[in-house]
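Heads up, the thing below is written out as structure tokens.
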Amino acid sequence: MGYRALASLVAAAAFAGSGAFVLSHPKSDAAPLQPPVASAVAKASTAPTGKTQAPKATPRITLQPGVRATDLPGITYTHVS
Amino acid sequence: MQQRAFTALGGDCELFGIDLAADVLERGEAWVHQMHDRLTRFSDTSELSRFNAAAGAWVAVSDELEALLRESLRAYEVSEGLVHAATLPALLAAGYTRDFTLGGTPTTAAPPPPAPLPELLEVRTGGAKLARGAAIDLGGIAKGWLADRLAAEMGANCVVNLCGDLYARGPGETGEGWPVGFGDTTVLLHDMGAATSGTTKRMWGPGLHHLIDPRTARPAVTDLTEVSALAKTATDAEIFAKVGLLLGATEAPAWLQGRALGWSLVENG
């Protein structure tokens, strides 16, 4: 009788505890992946090749005739010092 | 391609060349360090500091300082007064009194806007005179001029980049020009200079940065954070970039048109 009551008590406590754990850990679709694989991939894919400056805002560029843009990576770049 | 990177003039410097004579890059770096020591305002014993300390009297100056002072007067004329080498008192009042890595110091009352540079600075062969109370900071003009001068010495196919002020001489590796980052693109430069002026890097407090507007003797208030320019020389590119920044997004394009070979404007926000 004593063992049966103790076993019932343990089972009831485990049931209540697991319920409480679930309620205190709700699922969030917005939660970040751990480790943050997605953002690392995004950063790597947008990393510039060559030495071309990456300003904070998009620059408005005007080139006069005689100056050509190129797809080659820059060997160096002009920047604020 | 031969290349060499080092730190001088308060920033990163790079030299590139093709078919250069032996030791050219090493000698180029040594010359830049030597010029830094002579032209820095952060050492009381530099030639520039001694020249500033002697304001009010004629003093003998080296060929290099004489050339740079003449270049400062030319920059003042070309920029219609916006590139003014005698804004050092205003820069000190704004708190830029020591090497930038040590941080700013408390601001003091801004001096009145400086008189026109030709009224403050006289240059003759082997000598120069600064008006009493005036003081010179060569800043970007020195970097541009040194890049032009070093590229002319290094060889027929080279690039000299001194803290972002650069000159690309010759056709580069492909024969079409040297590929150089400009804004968010890359351009091919052949016998051209490039420079960038901005308010965000040397900043030590809200509205406190190293670009002094000579019209107010205070750090410039502008809607541009960064302007890059292309020109026939690095010195002119430096002048154009600084004027563009001081004029702001509305006026800069019209001023740069017909002067610069290209420009990149980055607006606030």
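Name the residues in the range B:155-210 that are of a type in the set (K, R) and touching a residue at least 12 places away in the same chain (Cβ under 8 Å), would you? If the condition is that a residue be of a type in the set (K, R) and touching a residue at least 12 places away in the same chain (Cβ under 8 Å), then B:R169, B:R202 are the ones that fit.
The residues in the range B:183-218 that are in contact with a Leu (Cβ under 7 Å, 6 or more places away or on another chain) and away from chain A (no Cβ under 14 Å) can be counted, and the count is 3.
Checking each residue in the range B:59-69 for being free of Cβ contacts under 8 Å to residues at least 60 places away in the same chain and either exposed (fewer than 15 other Cβ atoms within 10 Å of the Cβ) or on the phi > 0 side of the Ramachandran plot (or both) picks out B:S62, B:D63.
Listed here are the residues, each with its yes/no results for (1) of a type in the set (D, E); (2) surrounded by 22 or more Cβ atoms within 10 Å (Cβ to Cβ); (3) closer than 25 Å to B:Y76 by Cβ; (4) over 15 Å from the mean Cα position of the chain (by Cα).
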{"site": "B:K143", "(1), (2), (3), (4)": "no, yes, yes, no"}
{"site": "B:C158", "(1), (2), (3), (4)": "no, yes, no, yes"}
{"site": "B:G177", "(1), (2), (3), (4)": "no, no, no, yes"}
{"site": "B:G193", "(1), (2), (3), (4)": "no, yes, yes, no"}
{"site": "B:A217", "(1), (2), (3), (4)": "no, no, yes, yes"}
{"site": "B:V227", "(1), (2), (3), (4)": "no, yes, yes, no"}
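Residues that are touching an Asp or Glu at 6+ places or on another chain (Cβ under 6 Å), modelled with pLDDT of 95 or more and part of a strand (DSSP E or B) do occur in the range B:253-266.
Only residues that are part of a loop (DSSP other than H, G, I, E, B) and at the interface with chain B (Cβ under 7 Å from one of its Cβ atoms) were counted in the range A:67-81, giving 10. Contact map, the range B:246-263: residues that are within 11 Å of chain A (Cβ to nearest Cβ) paired with residues that are assigned to a loop (DSSP other than H, G, I, E, B), Cβ distance under 7 Å, separation 6+ or inter-chain. Pairs shown: B:A249/B:D223; B:L261/A:Q64; B:L261/A:G66; B:L261/A:V67; B:G262/A:Q64; B:G262/A:V67.
Identify, from the list A:A30, A:A7, A:A16, A:A57, the residue that is at pLDDT 65 or above and within 31 Å of the chain's Cα centre (by Cα).
The match here is A:A57.
Looking only at residues of the range B:25-58 that are surrounded by 17 or more Cβ atoms within 10 Å (Cβ to Cβ) and among the aliphatic types (A, V, I, L, M), we find that the one that is farthest from B:L162 (Cα to Cα) is B:A55.
The values are calculated or read from the model by the stated rules, or taken from the named source; none is laboratory data. Not measured: the values here are computed from a predicted model. No Cβ is skipped: glycine too gets one built from the backbone with ideal geometry, and neighbour counts run over all protein chains shown.
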